[in-house]
Amino acid sequence: LAVKGVQALSPYQPGKPIDELARELGLNPAEIVKLASNENPLGPSDKAMAAARKALEEMCLYPDGNGFDLKQALAARFGVAMNQITLGNGSNDTLEVIARCFASEQSEVVFSQYAFAVYPIVTQAIGAKGVSVPAKDWGHDLDAMAEAVTERTRLVFVANPNNPTGTVHTAAAIEAFLDKIPANVIVVLDEAYCEYLVGDEYPDGVALLNRYPNLIVCRTFSKAWGLAALRVGYSISSPAIADILNRVRQPFNVDTVALAAATAVLEDEAYLVKAREVNAAGLRQLAEGFERMALPYIPSFGNFIAVEVGDAAQAIYQALLARGVIVRPVAGYGMPQHLRVSVGLPDENERFLAALAEALTSAG
Ligand code: PMP
């Protein structure tokens, strides 16, 4: 019944829910360690929680369809105009709206091998042709991606840092890439993990918007800001592009609680600082653990890390589940020898590493 592109879709595979595994193992959900969905292990910001609770009192009213307060806070934070912002029900929503606005059955959409799973999904759903460009050292081969652009290309997705590989490109590399892309092709710079990047060598997509009117920067409150359940993302672009996206997005795509929590968390700089610290320490802890076990891993700039466990990856994933630890297999990304683990709190990382050491002997 469905159109061709939709019939060919493989659905997005989310991480196994904690409650489901707890039921299967007969454990208390508190005993499960879930490091599968790149969530913030800190738990929510107190400021976001207080704002969300208060906003619940308005649950019988429609949300502010224009998200005025949140857009105002984002505009002030990033030094852009409110009419450059488009809000999304998570950045996935915005990625989909972008595909619907700028590509069609006649178009090609370019992305990298091992890039975020939603790019091929939104491409196929509109019947456009996805062009997956072979990766280089697990990351985007930006030169090859620029060369893959044809006169049919309408859209290019670049994740920086990328999920699930954690690879990143410098500002210089991204600018050199943008210089090569024709002005009639939209480039989406997906910066879902940008808050974890420290250092001037990494791009701030928003600072590039003046020079590249065909650029859309996508960001999210799901990761460093700790609001994954509430589904809030946004894009920043030229006003002309934002105007198009805002015509097509659903009128109330971000709900009142989400708007309030996101606006409040932007005031909680201490939460972001803590999230960065915990993440950097956790990445080191995991990398050291992998080195002790002599497991190769892809150095990561996100809040997760892909570790190479070999042909038994699926069995090791299952053995970890049996020990109450949920990680993410990435065979669906074409990485059947890797598992992706999100950075947790120190004791969660330790439990994962201990379970992995056992799983390697039992399953490996
Ligand atoms: N982009 C990338 C690269 C991601 O890894 C994710 C989350 N998995 C998203 C976008 C979407 O996040 P959300 O819809 O929660 O904003």
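Taken along the Cα-to-beta-carbon direction at a fixed 7 Å, the label points for A354 and E291 span 2.3 nm. Note on the chain: the alpha carbon radius of gyration divided by the globular reference 2.2 N^0.38 Å gives 0.98. Dimensions of segment 59-112 along the principal axes, based on C-alpha atoms and rounded to the nearest Å, stand at 39, 33, 19, largest first. Restricting segment 159-244 to GluC sites (Glu not before Pro) that sit in a DSSP loop and have at most 15 other Cβ atoms within 10 Å of their own Cβ leaves E201.
Take the Cα coordinates of segment 191-265, assign each an equal point scatterer, and use the Debye formula without solvent to give log10 I(q)/I(0) at q = 0.16, 0.17, 0.19 Å⁻¹. For the requested q values the scattering log ratios are -0.69, -0.77, -0.92.
For the peptides 319-330, 50-61, the ranking by packing is 319-330, 50-61, with the highest mean count of neighbouring Cβ atoms within 10 Å listed first.
So, R0 is 56 Å and r is the distance between the beta-carbons of E31 and E151; what FRET efficiency does that work out to, to 0.05? After rounding, the FRET efficiency stands at 0.50. The three principal axes of the Cα atoms in segment 98-172 give end-to-end lengths of 31, 22, 20 Å, sorted in falling order.
Maximal additional length on extending the D69-T170 stretch stands at 33.1 nm, based on 0.36 nm per residue less the C-alpha distance. Its residue count N sets the reference 2.2 N^0.38 Å, and the alpha-carbon radius of gyration of segment 263-307 equals 1.45 times that reference. The string of couplings for segment 162-169 from the Karplus curve (6.51, -1.76, 1.60, θ = phi - 60°) is 8, 10, x, 8, x, 6, 9, 10 Hz, one whole number per residue in order, with x for Gly and Pro. Considering segment 238-352 at the alpha-carbon level, its Rg and Dmax are found to be 19.0, 53 Å.
Throughout, read-outs are computed from the coordinates displayed, never taken from laboratory work. Treat the numbers as computed from the prediction; the structure is a model and nothing was measured. Every residue, glycine among them, receives a Cβ derived from its backbone with ideal geometry; neighbour counts consider all protein chains shown.
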